[in-house]
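K.L.:
Just passing along the structure, written as structure tokens.
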Amino acid sequence: MNIIDLIRVRNKVLGYIMPEHIARSNAKIFLTPRKFKLKSWELEAEKQATRKAFGDGLSAAVWGNGEKKVLVVHGWESRATQMYNFVQPLLSKGYSVIAIDAPLHGKSKGHESNPLAFSRAIEAANEAFGPFDGAIGHSMGAASLSIAMEAGVRFGRTVLISSPANIYRVLLAFARFMGLSEKCQHRFVRNIEKSVGRPAKELDVARVFSEIKPEALLVHADDDLEIPFHSMREIAKSHSEIKTFNAAGLGHRKILRDKHLAELVADYIISGEVKHESEKAQNDGEKDVA
């Protein structure tokens, strides 16, 4: 039995006796990002980057010096270098790429990390390095781009990869996964909301897109086990000009390492068109470009 299984058993047993304590402890787990050792290819990516400080103790990896700039935002428990696959296709077209480390991630400091903290870091990056001609975000980083849009930041063409449609449902899914009772689930969400400073239901990508109607491409894999594929469909309904692409078979993590997908994303940022399929999608006989 691994550590997560032990925590789930503990949550199920103690959740009925001490629901508030269990809700608080799981909120702390959710809001405390783990850090992992950089992989060899990330070390090489880091060597190619120029590190720049911005905001309040934040760090960005900058590649290239082109006048046109693209902002890149990683997901939860990730870092700027893990998004490096999307950098080279843009550099080859004369763009510069600014990939931020969110608060408490990578080389960035901070007091807290959550979707709103990610969004504030994006706003700070816009002030320091913007305006941007495009933006790419993965998972929580993708959702946080929409929160920054709601705050008034504009990015040009935007690509959301594996984005949740609504943070509230992400929280409930995590609570259920951790074995929390229904009573604990609601307390857990309230604890998260207290830390974030906004109701979770307000952090809704589909709602923001329906109001702002950005030029955007949604990329999601139909076998994503962390953020359900239907999240893309839900966001896509927000307005008719959104393009979608099923990166079939690439899951939630492999999607960041597919070279063909990186080229597709760069093509979209540059031209606004989805020009070709990823190799994985071709092999699976699945085309989902709208």
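K.L.:
Of the residues 195, 210, 238, which is more than 27 Å from residue 67 (Cβ to Cβ), hydroxyl-bearing (Ser, Thr, Tyr) and crowded, with 20+ Cβ neighbours inside 10 Å? Spell out how you get there, then give the answer.
P.N.:
Details: 195 fails: crowded, with 20+ Cβ neighbours inside 10 Å; 210 fails: crowded, with 20+ Cβ neighbours inside 10 Å.
Just one listed residue meets the conditions, 238.
K.L.:
Hey, another quick one. Just checking, which of 142, 128, 173, 117 is more than 17 Å from the chain's Cα centre (by Cα) and among the hydrophobic types (A, V, I, L, M, F, W, C)? Step through it out loud before you land on a result.
P.N.:
Working: 142 fails: more than 17 Å from the chain's Cα centre (by Cα); 173 fails: more than 17 Å from the chain's Cα centre (by Cα); 117 fails: more than 17 Å from the chain's Cα centre (by Cα).
So the residue among 142, 128, 173, 117 that is more than 17 Å from the chain's Cα centre (by Cα) and among the hydrophobic types (A, V, I, L, M, F, W, C) is 128.
K.L.:
When the range 208-257 is examined, which residues are found to be touching a residue at least 40 places away in the same chain (Cβ under 8 Å) and of a type in the set (Lys, Arg)?
P.N.:
Answer for the range 208-257, where residues must be touching a residue at least 40 places away in the same chain (Cβ under 8 Å) and of a type in the set (Lys, Arg): 243, 257.
K.L.:
Which one is surrounded by the most Cβ atoms within 10 Å (Cβ to Cβ) among residues in the range 154-188 that are within 18 Å of residue 122 (Cα to Cα) and in contact with a Leu (Cβ under 8 Å, 6 or more places away or on another chain)?
P.N.:
In this case the residue turns out to be 160.
K.L.:
If you go through the range 246-275 one residue at a time, how many are farther than 14 Å from residue 86 by Cβ and in contact with a strand residue (DSSP E or B) (Cβ under 8 Å, 6 or more places away or on another chain)?
P.N.:
Final tally of qualifying residues: 3.
K.L.:
Testing residue 156 on (1) at pLDDT 95 or above; (2) at positive phi, one condition comes back false. Which one is that?
P.N.:
Against the list (1) at pLDDT 95 or above; (2) at positive phi, residue 156 comes up short only on (1).
K.L.:
For residue 179, all conditions in the list (1) at pLDDT 95 or above; (2) under 22 Å from residue 7 (Cβ atoms) hold save one; what is the number of the exception?
P.N.:
Going through (1) at pLDDT 95 or above; (2) under 22 Å from residue 7 (Cβ atoms) one by one, residue 179 breaks only (1).
K.L.:
Something else now. Mind listing just one residue for me: the one in the range 36-93 that is over 17 Å from residue 128 (Cβ atoms) and aromatic (Phe, Trp, Tyr) and, of those, surrounded by the fewest Cβ atoms within 10 Å (Cβ to Cβ)?
P.N.:
36
K.L.:
Moving on to the next point. Which strands (runs of 3 or more DSSP E) sit wholly inside the range 68-172 and have at least 2 residues that are not assigned by TED's automatic domain parsing to the domain that holds residue 214?
P.N.:
Hits in the range 68-172: none.
The values are calculated or read from the model by the stated rules, or taken from the named source; none is laboratory data. Just so you know, these numbers come straight off a predicted model, no measurement behind them. Cβ sites come from the backbone with ideal geometry, for glycine too, and all protein chains shown count toward neighbours.
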